[in-house]
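The values are calculated or read from the model by the stated rules, or taken from the named source; none is laboratory data. A quick note: this is a predicted structure, and the numbers were derived from the prediction, not measured. Note that each Cβ is placed from the backbone with ideal geometry, even for glycine, and that neighbours are counted across all protein chains shown. Remember, those area values only see protein heavy atoms, side chains included, never the ligands or the DNA or RNA. Shrake-Rupley method; radii C 1.70, N 1.55, O 1.52, S 1.80 Å.
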Amino acid sequence: MKKRLKKVLLALGGIVAGVFLIFVAFRYGWRLFGFSMCKDNVGFESVIVKEDEVTLKCFNADSFSFDCMIGYKAKQEGDILYVGVKYNTLLGVLPDDVGSGEFTVPVKGEINQVILKGRDKELIIWDRAGNDKLTIHIELYSEDMTMLHYQCYLGEEEVAQANVAYEGTEVSLKLSKNDFPADADLSTLRVAFTAIEGDKEIPIGEPQNLAAEWGQTHEFVIAKKEGEYIIQREGISEFK
């Protein structure tokens, strides 16, 4: 009886140890393979570069994926910072892991470029050379809209507005810091969109906050569903 119990306990202990080793391997073992195990398509809500650190806020860009962020890898080469983000679906995932995450990477010296590095590609997600410009790329899905109107706000004050004609389903807006007064507080910059259907003007969602994200391309989708316009933020892609 004792021998049988001992065998059962040893078997259970072996199973627990095996599960633990598998969890540790999937949770941390990927670091041995570096950037080759990192996810290619990661969305970034913000990239904030300071003198001694870079803070990134990312999310899973796969709309129908249950992947959770479990870690990141970073490497600085001169004034370029390479960042890779690792996602897992099940193995190596803790209960509080989610698809989005914010992390800070310490750096030495001035950073002029931040590059997302994954399995098969590299993508510029921040560039100091273009940090005085901001691009908004929009995919439009509505057969009723004849024109898109946008308004820029600094705080509650409207500082710019324009109608944008477009063909097809895409439109790009380019803003420059030179478009605003030299003493303007750009940390409060927001942009609002209005759909124009003939003589009707229909507001689209809430104004979108673009503060502290210069030098990047912001991607939005605007669609009309069941008679109502909705706007969805798709993240930030490489600077153009």
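Here are some notes:
- Members of the range 106-139 that are over 22 Å from N41 (Cα atoms), in contact with a Ser or Thr (Cβ under 7 Å, 6 or more places away or on another chain) and part of a strand (DSSP E or B): K133
- Within the range 42-67, the set of residues being at pLDDT 75 or above and assigned to a loop (DSSP other than H, G, I, E, B) comprises K50, E51, D52, D67.
- Residue count for the range 68-96, restricted to those that are part of a loop (DSSP other than H, G, I, E, B) and at pLDDT 90 or above: 2
- Residues that are surrounded by 15 or more Cβ atoms within 10 Å (Cβ to Cβ) and at pLDDT 80 or above, drawn from the range 28-41: F35, M37, C38, K39
- Residues of the range 140-164 that are more than 24 Å from the chain's Cα centre (by Cα), among the hydrophobic types (A, V, I, L, M, F, W, C) and assigned to a strand (DSSP E or B): M147, L148, V159, A160, A162, V164.
- Residues located in the range 161-203, provided they are open to solvent by 40 Å² or more (accessible area, probe 1.4 Å), hydrophobic (A, V, I, L, M, F, W, C) and free of Cβ contacts under 8 Å to residues at least 24 places away in the same chain: A165, A182
- Positions within the range 98-130 being modelled with pLDDT under 85, open to solvent by less than 40 Å² (accessible area, probe 1.4 Å) and farther than 11 Å from I80 by Cα, in sequence order: G99, G101, G118, I125, G130
- Qualifying residue in the range 144-161 (condition: within 19 Å of F220 (Cβ to Cβ) and either modelled with pLDDT under 85 or touching a Cys at 6+ places or on another chain (Cβ under 8 Å) (or both)): yes
- Some residue of the range 116-131 being more than 20 Å from V191 (Cα to Cα), acidic (D, E) and touching a Lys or Arg at 6+ places or on another chain (Cβ under 8 Å): no
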